[in-house]
Structures are given as structure tokens and as C-alpha cells.
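**Student:** Have a look at this one before I ask anything.
The values are calculated or read from the model by the stated rules, or taken from the named source; none is laboratory data. Note that this is a predicted model, so its numbers are computed, not measured. Backbone-built Cβ (ideal geometry, glycine too); neighbour counts: all protein chains shown.
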Amino acid sequence: MSQAAENPSPVVLVVDDEPELRSLLAEYFGRYGFTVHTAADAAEARQAVASRAHALAILDINMPGENGLSLAHWLRETQPGIGLVMLTTAGEPIDRIIGLEVGADDYLPKPFELRELMARVRAVLRRTAVPAGAAPASPAIVVATDSRRVAFGAYWLDLDERRLRDGAGADIEISAAEFDLLALFARHPNRPLDRNQIMEQAHNRGWDVFDRSIDLRIMRLRRKIERNPDKPELIKTVRIVGYVFVPAAER
């Protein structure tokens, strides 16, 4: 089934100061049924987002003026459901680390293969998709961890709507990558998971022994759901092994 059939005309924003690259990506994604808007800088990107909702943004980090990291942070705060794919300069891992810290869902170093970028964009769109017509559910129907709604601590996770809510039913801002990680833990409560398992099941890409993106995402999750992120009760570190999710932690 084609991408267009899976998700009719998903709207993507390409932000890059290179006009040739913007034109290339617009043409390439357009051939696969995407509606593509382009912006040469952060100011144009903000205008584009203000005029129409976008499912995903492809952001170059190194742009004159406001850079892609600052723009990604703003998009994550103002458009929490948007997918974010960062384009980084090869050999600069610090950009990738900071990008993940501000809520990017994936990154790709330049130069890149168009097919790989397409695969990453489609993977992020699958993770961020919300069923049409889905409505927020009442917090009164929170049930146990064998359901599609997982209660833990003072929060609950809706696996169908891909939402994290507090006890009052208010949405907690969470990126698609953070949701995937938390959902993986929710499906394996009280079971230690090593980094191999986490990267394979919740990261959707290859990795090496120096990749610390999972640790960064867990750090961000702890800031959102732990009473004291420095003394985690819900996502605990298992020395040498990895991490374990303890949904019945005392609050």
C-alpha cells in the first residue's frame, strides 16, 4: 500500500537555508503523495506553522539566524504532536544529542540518501499518527496494565490514542520517541530491559555502543513523571543491565 493510501496527503514542512535542497525534497516527497511546504529560515517556518497544521517538520540544524535546535524546541512546545526529523552535519554528535534533548524524534546526518530520509519520515509519521476521530477519554476509566490504558504512579498512558495524562486527565507533553519508549516499558512492567532490547524495539534504527540517546530520553521522561528525577521510582536504573519500569511504585 502506498504512503498516500495509508495517510492521505500528509503535510510536511522542510526548513533549510539551501534552496536546491528545499526544491529537491519538495519534488521528491511530492512524488509520494506528500503535501510539502518549505521555509528558508525559522521565521518563515513559524509563519508556515501558524497558517496550517503540519504532521512533520524536517529541520536543518545549521541555519543562519535562529538555528534548527531553537526552532525544534519552539515547535515541540507549541505543536506537541508534530514529528521532528533533524538534519545534522556529519561528525558533530553534539548536535544530535541536543536535538534529542529538545524533543526531536530522529536525526539524519548530511549528506544523506533520499530513500533513507523517506523511511525515517514514514517511521516517525507512523509513531505520531492518532486515529481519526479519537477523543480524549475520561480519567475515571483508568484500568490495569493488561489494558490499552496503563496506570502508573500519578499518570496513565493511553496506547491507542498515544497520550500521556496526569490524574486529572490533563495531557502531558511527550514526543513520539518518548511515547514509544514509555509504551515499551508499559508492555514489559517489572522486567529489566537492556539497551539492546530498548534500541531494537523503541528506536527503529541501528546504533553503536557509544549511542546515548536512550539515556537522554529516559532522563527527559523522568523529568516529566518522577516526583524526584534524581531518585526515580518508576523508571529505575538496573546497574550493568539497563532499566526497569515499576508501575506500582508507591506515591
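**Student:** Show the residue pairs meeting these rules: Cβ distance below 7 Å; 6+ apart or different chains; first residue within the stretch 211-240 and not assigned by TED's automatic domain parsing to the domain that holds Ala154; second residue modelled with pLDDT of 90 or more and among the hydroxyl-bearing types (Ser, Thr, Tyr).
**Tutor:** Note: no pairs meet the criteria.
**Student:** Sticking with this one: Looking only at helices (runs of 4 or more DSSP H) that lie completely in the stretch 85-196, which have at least 2 residues being modelled with pLDDT under 85 and in contact with a Leu (Cβ under 7 Å, 6 or more places away or on another chain)?
**Tutor:** Working: elements: 93-101, 114-128, 176-187.
Filter on the stretch 85-196 gives 93-101.
**Student:** Of everything in the stretch 74-84, what is in a helix (DSSP H, G or I), surrounded by fewer than 17 Cβ atoms within 10 Å (Cβ to Cβ) and not polar (S, T, N, Q)? Give them in sequence order.
**Tutor:** The first filter runs over the stretch 74-84 and keeps only residues in a helix (DSSP H, G or I), leaving 74-78.
Restricting the remaining residues to those that are surrounded by fewer than 17 Cβ atoms within 10 Å (Cβ to Cβ) gives 74, 77-78.
Correct list: Trp74, Glu77.
**Student:** Looking at the stretch 46-62, is at least one residue outside the structural domain of Glu173 (by TED's automatic domain parsing), in a loop (DSSP other than H, G, I, E, B) and on the phi > 0 side of the Ramachandran plot? Give the steps one after another, and end with the answer.
**Tutor:** Filtering the stretch 46-62 down to residues outside the structural domain of Glu173 (by TED's automatic domain parsing) leaves 46-62.
Those still in the list that are in a loop (DSSP other than H, G, I, E, B) too: 52-55, 61-62.
With the extra rule that they be on the phi > 0 side of the Ramachandran plot, the set shrinks to none.
No: the stretch 46-62 contains no residue that is outside the structural domain of Glu173 (by TED's automatic domain parsing), in a loop (DSSP other than H, G, I, E, B) and on the phi > 0 side of the Ramachandran plot.
**Student:** Would you mention how many residues in the stretch 233-244 are in contact with a helix residue (DSSP H, G or I) (Cβ under 8 Å, 6 or more places away or on another chain) and within 13 Å of Phe152 (Cα to Cα)?
**Tutor:** 2
**Student:** Follow-up question, since we're still on this one. Does the stretch 30-44 include one or more residues that are over 21 Å from the mean Cα position of the chain (by Cα), of a type in the set (Lys, Arg) and buried (at least 17 other Cβ atoms within 10 Å of the Cβ)?
**Tutor:** no
**Student:** Here is a follow-up. Restricting to the stretch 45-73, name every residue that is surrounded by 14 or more Cβ atoms within 10 Å (Cβ to Cβ) and more than 21 Å from the chain's Cα centre (by Cα). Let's see the steps before the verdict.
**Tutor:** First, pick out the residues of the stretch 45-73 that are surrounded by 14 or more Cβ atoms within 10 Å (Cβ to Cβ): 45-46, 48-49, 54-63, 66-73.
Those that are surrounded by 14 or more Cβ atoms within 10 Å (Cβ to Cβ) and more than 21 Å from the chain's Cα centre (by Cα): Met63, Glu66.
Condition check ((1) modelled with pLDDT of 75 or more; (2) exposed (fewer than 15 other Cβ atoms within 10 Å of the Cβ); (3) under 11 Å from Leu182 (Cα atoms)) across all residues:
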{"position": "Asp208", "(1), (2), (3)": "no, yes, no"}
{"position": "Arg222", "(1), (2), (3)": "yes, no, yes"}
{"position": "Asn228", "(1), (2), (3)": "yes, yes, no"}
{"position": "Phe245", "(1), (2), (3)": "yes, no, yes"}
